[in-house]
Each structure stands twice: as C-alpha cells, then as structure tokens.
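Student: There's a structure below that I have some questions on.
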Amino acid sequence: MASSGEKEEVRRRADIVDVVGAYVTLKRAGNVYKGLCPFHNEKTPSFQVNPDKGLWHCFGQCSEGGDVFKFVQKIENLTFPEALERLAKKTGVILSEFRPSGGPPPEPGHKERLYNAVEFATQFYEEMLTRGQAARDYLDRRGLGYDVQRAFRIGYAGDDSDALMHFLGRKGVSTDDAVEAGLVVANERGFRDKLWQRVVFPIVNVEERPIAFGGRLMESIEGRPKYLNSAETPLFSKGRTLYGLWRARKAIAATGQAMIVEGYMDVVACHQAGYENVIATLGTALTENHATLIKRYAQRVLLAFDADAAGMKAARNADEIFARIGMETRMLEMPSGEDPDSVLRDGHRDILDRAITSALRVTEFQLRKLVQRADRENASEDERLDLFRREALATIRATESVTERQRYIGIVAPLHPFYFSVNARAAEEQIQQEIEGRIPQLPYQYRPNRNGERWGENREYSKRESTRSDKPGWRNYPPRQAPSMSAPLAPPPRAIDTAERMLIRGLLDGGEEIVGIITSELVKEDLLNDGYWPLLERVRSGQDPASAMRDLEDEDPEIYSALVRLAVQGSEPMATLKGETVPLDALLIRGCIAELRARRLNQTERQLRDRANEGDLEAQRELTEFVRRRKGSGAA
C-alpha cells in the first residue's frame, strides 16, 4: 500500500486543472476555473475547479465535489487505489507497492495487464508496418504521410496470423489476457490474430492509452469484411468511445465545435489537413454516452455523413440525441459520392471549407434533399404530395419552434401541387392547414365561381385573406397562466447561516490572525452544525486546514462535501443577505462569532423564560441571573 507521503506527493504533482481539463472544457473566472459539470446535464456552467486548493465542486444539481483523486475515481469509475496508481504514473511518482525492494515488484492488476497487452500489440503492428511494403504503399496512395501515421500510431498486422501471439508471449502476455483484450481468437492451430492482413488503427482513450483496434483490408477478399473492430472488452466499449477524441479534444474545446465523420480514414485525413476537431464513432450509431462525452468539450456538432437513406437515418438519430442535451447539430452537404477523405485527397479543400461554413440544421438538410429528389426524379404532383406526407409531414409537425416550422414549410412548398398551379404562398397555406390537422380548404379567391372559373388566379396571395384561423393575422398564443401558489416560496437565507459559512471559509482560507480568532473564541455550542467542530479541533491542535478537511472525507462525507463547496469558492468576497460583498477580515469574523453567540444566548434565554412561565422557581432565578450577566457583558 502506498504511504501517506507518496499520496501527498502525487496530489502535489497532479495539476487538477490539467487532469479535469482532459474531460471538461474549463475557462478561467477569477481565481477559479468554470465549466459544464461532467456528472449531470446542464446548459449553464456550475462546475468549478480551484487550483490553489486542489479541489473541484459542482454548485448545480449533483453537488459533487472533492480532490483530484475523487475526480478520477468518479469520472473513470475507479477505486481509490486505482485512481492513485493512474495519477502516480501520470505524475512520475513511483509508489512503494510498485518499487522493488530486494525482490520482484508485485504483479500488475487485471486491467493493467490488459492495457499492457494492447500496448504491446500496438508496438507489434507499428513494427510490422516498417516491414510491410504493400501496407506502406497503400497508405501512400491514400495520401497519409509518415508524420500522421506516427501520430495516430497506424500499423499493419502482417500476413502471418500467428505472429502476434508469439510476440505477446515473448512479452509475458498470457493467452487468457490476449483473448480477453480482444487481440486473438482460438483456432485449430493455436491463437490467430483477428486483424491479420489489415492496416491497423489503434483506438486510444483520452489518457492516450491504446484500448482496442480497427482494421481495414487493403483490397477486397471474399468472405472477409472490409472493416473490422475489436470486440467489446473490459477496456473498450463502442458506445462510449470516439475515435480520435484523444487528439481532437483540445481543438474541439478551443472552437466549441466537433465534427463527426464516418471512418478512420476521414479522421486521419482531416487531422493531417489541419481540421483537428474531427472524430468518429466506431461501427455503431451515435449513443447518448457519445453525446455526453462530446458535450464536455463543445456545444455544437457538425455531421459529415452520407446523404443516402442510412446516412440520413443516422443523422436524424444523432440530432435527436444531441437535442435532448441542449446541443446544436448541423449537417454538411458534400458532393455526391464524396467524403472528407476523398475531397481532401483530390486537393479540394475549398469544398470542405464551404460545406462547413454552409452546414444546415439536420431537419432543413433532410427537407431540402427531399425536394431535390422530387425534382431529380421529375415526380408528378401526386407523387410530390405523397412524398411530403410520407417523409416530411411528421417531421415538421414535431418541430416545436414556430419560426423553424414556418421556414420548413417554405422549403417543402414545392412538394404541394399549388406551388406550380397557383403560387408558393397558397402552397404554404395548404401545408400549414395539413400540419395543424385541418382538412385543407382552397382559399376563397381561388375557389371556382358559379361558372366554374377561378378569378384572381394570377393575383398575389394576400396575407389579409389567410384562412389559418377565424381571425386572420391574429396569433393564437395560449392564455397566460397565473403562477401556481400551491407550493410556498422558499424562505430567504438567514443571517445566521451566512455567518457560519463565513467562519468556515475563514478557517479554510483566512490568514494566521483570522484562524487564531476562530479557534480561540468560537465554542462548539455556537455552531448551527456541530459537524464542523472536528475540523476546528484539528486546526486548533496545529493541523493544516486542508489536511484536516481531507481527514473528514471518510468520517463524515456530508460535512466533507460542504467543506469542499466552501473551499472551492476560494478567497473571493462573500455575499451578504442584502447582496453586498464583504472581504474576509478580522472585523467580519468577530461579527460572525457575535451573531452565532447571540443566537445561542437568545435560545438559552427563551428556554429559561418558557420554564419560568410554567412556574419553575429555579428557572426564574436562573433567568434573572442570566439576564444580569448578559447585560453586564454587553452581549446582544
């Protein structure tokens, strides 16, 4: 087990802003950093990191908080020893449990063995690429230079399907671990490399450790899929991993925008061309876990998917998922049959730039493609109307924004027969009625007269004569509702609560004078929450406040969380009940102690009066003496 000194050394070396920043986009705000909490969905940043204290806290819904170890534990679902080990490796601290002392070091844990196995496999594939001329020629034809190959650790599995297991065996990797890590499968001759004869793309996590692989055949082979990903393992889950995120996350955070493409080649080609915010899913549809992961770094997503039926279905699914967590999604329009890799390989960077600049909301993109399809197929009026009802009506009807809905109606107007036989305005009116679930009615001025003739056929369709409602031109806003009074308003914070928080802030952040005043003048009975008393006792005995606070993490997690919340706020001025801010100085601290003491004395006096009023003679004498002493001391 690591010593307490080693733990403190890891804590000292681990830059909490750097560690948290690998998962959360942080922006400096005074002496703290703020970002969106990674542990619950939110639109307004409530997550804060205080580098001076080495602490983080969410001031929003989840109210989680702690030190750098607690963050790694929670974000990676690790035990404390596992988090300690991970941070020790990151900071270069050799823990005693891994340091040789005359004998061999202890065996690595189960997960660490799997990580080691995948790392050895990555090294094997990299080495095989240096020997595989055909694979190097293939990558050269695909326009991938040496530097980007090295950056993404691209490799080659070779033609010998048994070579990988032999290599892993020489490195001390057991067959059980190799199988569990998804590297080999058993066959009649032993254990075969799943990716043999393929160019290999390591899948790397945000800690920059390989966890799985994707392989691509250089030419079609009957009976073998072109692309093959590692199976799910204890290290790798397709629904939680995004290819390229480990390299793209800083660019995504800097631009506030991520671009999702459909394959490894697209990601690598884009990064090589300078589009460093590009990532990809791994042979699976985008999941809510993917979206939550992306939201740590960005608020906007661009989709570079194919515009065929499968691509549009994937785009709609992604749009729905991102919309649920408050993210904006747009779709790139690429030339037919092209993707970012092919466009860049042909030297048409300008096409990709224009596609990014003019990216449309997914619904708008879908509707425009629908109209283009009808035009391309030279569809009849009936076919156009049927296309609208089958593929557009439900989508537009589900759009909540009135402004968005009106724009979409304008886009699909060419699918209605009135667009050509009357005019665009009439078509939009008919579509509006159908969306609202009403039977479309021909506008009055276009209905046949007694002779069966239509008058005003060439007139501009008038807004004033709109048939949208009984009162043309009126907007049917729902009536305003009076606020419900069923639940009473929460009482305002009491001055006494503020006084206690200020004292604890002073104990954690104040200088020697402030800490001395608090430890010498405050007594346990003055506190509203006596759970804070163990902290004060430890500090009074000479222990450092930060160290004393950490000791309470296991003893009283609730108090520890409250202390972290106060500590993360740092030495910023604290707000009073009137909204003013006041600095933490000796005058304020003594005022807070007086406030708490007055509360205690008032409570004691009230209890004595209650007893005295009930005829308790002893209480009457105590009350008289208590009031005399209190007046003599000048206590409020």
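The values are calculated or read from the model by the stated rules, or taken from the named source; none is laboratory data. Predicted, not measured: the structure shown is a model, and the values here were computed from it. Every residue, glycine among them, receives a Cβ derived from its backbone with ideal geometry; neighbour counts consider all protein chains shown. SASA here: full protein model, heavy atoms, side chains in, ligands and nucleic acids out. Shrake-Rupley method; radii C 1.70, N 1.55, O 1.52, S 1.80 Å.
Student: If you go through segment 17-31 one residue at a time, how many are in contact with a Pro (Cβ under 9 Å, 6 or more places away or on another chain) and open to solvent by less than 20 Å² (accessible area, probe 1.4 Å)?
Tutor: Final tally of qualifying residues: 3.
Student: Right, Ala359: at pLDDT 90 or above and either closer than 17 Å to Glu428 by Cα or not basic (Lys, Arg) (or both) or not? Write out each step before concluding.
Tutor: On the way: at pLDDT 90 or above: yes; either closer than 17 Å to Glu428 by Cα or not basic (Lys, Arg) (or both): yes.
Yes.
Student: While we're on this one: Going through segment 162-177 one residue at a time, which ones are open to solvent by less than 70 Å² (accessible area, probe 1.4 Å) and closer than 17 Å to Glu188 by Cα?
Tutor: Listed by number, the residues that qualify are Asp162, Ala163, Leu164, Met165, Thr175.
Student: Condition first: within 25 Å of Arg142 (Cβ to Cβ) and small (Gly, Ala, Ser). Now tell me which residues in segment 216-265 satisfy that.
Tutor: Residues satisfying the conditions are Ser220, Gly223, Ser230, Gly244, Ala248, Ala251, Ala258, Gly263.
Student: Determine whether Gly214 is in contact (Cβ under 8 Å) with a residue 24 or more places away in the chain and either within 19 Å of the chain's Cα centre (by Cα) or at positive phi (or both).
Tutor: no
Student: Then there is this: Can you pull out the residues in segment 186-206 that are in a strand (DSSP E or B), out of contact with any Gly (no Cβ under 8 Å at 6 or more places or on another chain) and within 14 Å of Leu282 (Cβ to Cβ)?
Tutor: Val204
Student: How do the helices (runs of 4 or more DSSP H) wholly within segment 106-158 filter down when requiring 3 or more residues that are touching a Phe, Trp or Tyr at 6+ places or on another chain (Cβ under 8 Å): which remain?
Tutor: Numbers: elements: 110-131, 133-141, 146-151.
So the answer is 110-131.
Student: Cβ-Cβ distance below 6 Å, separation of 6 or more or different chains: which pairs start in segment 326-355 with a residue that is farther than 14 Å from Leu303 by Cβ and end on one that is assigned to a helix (DSSP H, G or I) and open to solvent by less than 30 Å² (accessible area, probe 1.4 Å)?
Tutor: Short answer, once both residue conditions are applied: Asp341/Met265; Asp341/Asp266; Asp341/Ala269; Val343/Leu352; Leu344/Ala269; Ile351/Val343.
Student: Here's a check for you: in segment 493-514, which residue that is closer than 16 Å to Asn602 by Cβ and small (Gly, Ala, Ser) is modelled with the lowest pLDDT? Walk me through it before giving the result.
Tutor: Step one: of segment 493-514, the residues closer than 16 Å to Asn602 by Cβ are 494-497, 499-500.
Now narrow it down to the ones that are small (Gly, Ala, Ser): 495, 499.
Details: Ala495: 59, Ala499: 79.
The selected residue is Ala495.
Student: I'm trying to understand the selection: among the residues of segment 372-409, which are farther than 16 Å from Gly437 by Cα and open to solvent by less than 30 Å² (accessible area, probe 1.4 Å)?
Tutor: If the condition is that a residue be farther than 16 Å from Gly437 by Cα and open to solvent by less than 30 Å² (accessible area, probe 1.4 Å), then Ala374, Ala379, Arg384, Leu387, Tyr408 are the ones that fit.
Student: From the set of residues in segment 228-269 that are of a type in the set (Phe, Trp, Tyr) and outside any helix (DSSP H, G or I), which is modelled with the highest pLDDT?
Tutor: It comes out as Tyr243.
Student: A further question on this structure: Are there any pairs, at least 6 apart or on different chains, whose C-beta atoms fall under 9 Å, with the first in segment 293-319 and basic (Lys, Arg) and the second assigned to a helix (DSSP H, G or I) and open to solvent by 10 Å² or more (accessible area, probe 1.4 Å), and if so, which?
Tutor: Once the first residue is basic (Lys, Arg) and sits in segment 293-319, its partners that are assigned to a helix (DSSP H, G or I) and open to solvent by 10 Å² or more (accessible area, probe 1.4 Å) give Arg296/Arg249; Arg296/Ala253; Arg300/Thr255; Arg316/Thr363; Arg316/Gln366; Arg316/Thr395.
Student: Would you point out which residue out of Lys34, Lys53 is at pLDDT below 90, basic (Lys, Arg) and crowded, with 17+ Cβ neighbours inside 10 Å? Explain how you work it out, then say what you get.
Tutor: Working: Lys34 fails: at pLDDT below 90.
Sole residue among the options that is at pLDDT below 90, basic (Lys, Arg) and crowded, with 17+ Cβ neighbours inside 10 Å: Lys53.
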